[in-house]
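Reading through the structure tokens given below for one structure.
The values are calculated or read from the model by the stated rules, or taken from the named source; none is laboratory data. Fair warning: this is a prediction, and the values are worked out from it, not measured in the lab. We place every Cβ from the backbone using ideal geometry, glycine too, and count neighbours over all the protein chains shown. Ligands, DNA and RNA are stripped out before the accessible areas are found, and what is left, the full protein with its side chains, is counted by its heavy atoms. Shrake-Rupley method; radii C 1.70, N 1.55, O 1.52, S 1.80 Å.
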Amino acid sequence: MKIALIGATGFVGSAILNELADRGHDVTAIARNPQNDSNLNVKWAKADVTDVAELSEILATHDAVVSAYNAGWTNPNIYDDFIAGSKAVQEAVKKSGVKRYVVIGGGGSLYVAPGLQAVDTPDFPKEYYVAASAARDYLTFIRDEKELDWAFFSPAFEMHQGITTGRTGKYRLGSENPVFDENNRSILSVEDLAVAIVDETENPKHHQARFTAAY
């Protein structure tokens with residue numbers, strides 16, 4: 001497949017890029033600061049996601065777009081920038097003519113009880129609240145999108161650089177609720193997140209819907 005990947009240099013994006021390249025896909029890796037890569041399957045492109053016209057031209061002719069866009073965890077304006085950037089990417093995908101769009105959002109909007117999202121629980125980390133709220137609000141926005149065949153991925157609660165299981169190729173899927181293991185943990189390595197995203201891109205199971213994955 002010919003796949004465009006937005007945010008290809010980030011923690012999540014770089015893992016997805018590796019998985020796509022390893023599976024032999026023709027990848028356009030899009031970033032603010034593109035890297036040099038000797039992989040023949042990867043072509044780098046520099047773009048500002050808020051420039052809808054420029055981005056839509058880059059995305060055109062691809063079979064699917066995967067977005068790991070992140071406004072930056074230390075960005076003091078992360079809420080507004082995340083919302084604006086995410087909406088701009090969505091508009092660029094529509095203008096490009098590509099129909100399949102897989103976007104990585106946040107896990108804070110997963111429901112831990114009827115009507116209660118994780119981000120609204122007392123134990124939710126305060127340092128992530130603003131970013132998680134932005135991802136939740138963007139999920140609400142994209143749910144109204146009827147033209148694109150979109151899928152919104154919410155990562156496991158524990159998905160960070162400290163997860164050292166690496167790539168197992170195994171995971172379990174969920175939709176609106178977190179997936180917990182036998183120890184009541186929602187956990188997944190970034191490498192297996194990438195496996196889940198590329199599996200979904202190759203063989204779509206979620207259409208205009210949110211999904212999640214964990215061990």
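Structure notes:
- Here the stretch 185-204 is the region considered, the condition is being over 13 Å from T168 (Cβ atoms) and of a type in the set (A, V, I, L, M, F, W, C), and the residue that is surrounded by the most Cβ atoms within 10 Å (Cβ to Cβ) is I197.
- Inspection of the stretch 137-160 finds a residue satisfying the criterion of being in contact with a strand residue (DSSP E or B) (Cβ under 7 Å, 6 or more places away or on another chain), under 24 Å from F82 (Cα atoms) and β-branched (V, I, T).
- Residues in the stretch 8-23 that are in a loop (DSSP other than H, G, I, E, B) and open to solvent by 50 Å² or more (accessible area, probe 1.4 Å): T9, R23.
- Selection of the stretch 154-184 for residues being assigned to a loop (DSSP other than H, G, I, E, B), small (G, A, S) and surrounded by 13 or more Cβ atoms within 10 Å (Cβ to Cβ) yields A156, S175.
- Selected residue (only one of G97, G72, G106 is under 23 Å from R210 (Cα atoms), touching a Lys or Arg at 6+ places or on another chain (Cβ under 8 Å) and small (G, A, S)): G106
- Exclusive hit being surrounded by fewer than 21 Cβ atoms within 10 Å (Cβ to Cβ), aromatic (F, W, Y) and in a loop (DSSP other than H, G, I, E, B), set F141, F124: F124
- The residues on offer are N75, N70, and the sole one that is within 20 Å of Y138 (Cα to Cα) and surrounded by fewer than 15 Cβ atoms within 10 Å (Cβ to Cβ) is N75.
- Some residue of the stretch 111-120 being charged (D, E, K, R), modelled with pLDDT of 95 or more and surrounded by fewer than 21 Cβ atoms within 10 Å (Cβ to Cβ): yes
- Condition broken by Q90, with the remaining ones in (1) assigned to a helix (DSSP H, G or I); (2) farther than 22 Å from L148 by Cα; (3) in contact (Cβ under 8 Å) with a residue 12 or more places away in the chain satisfied: (2)
- Which listed residue, of V130, V112, V119, is free of Cβ contacts under 8 Å to residues at least 24 places away in the same chain and of a type in the set (V, I, T): V119
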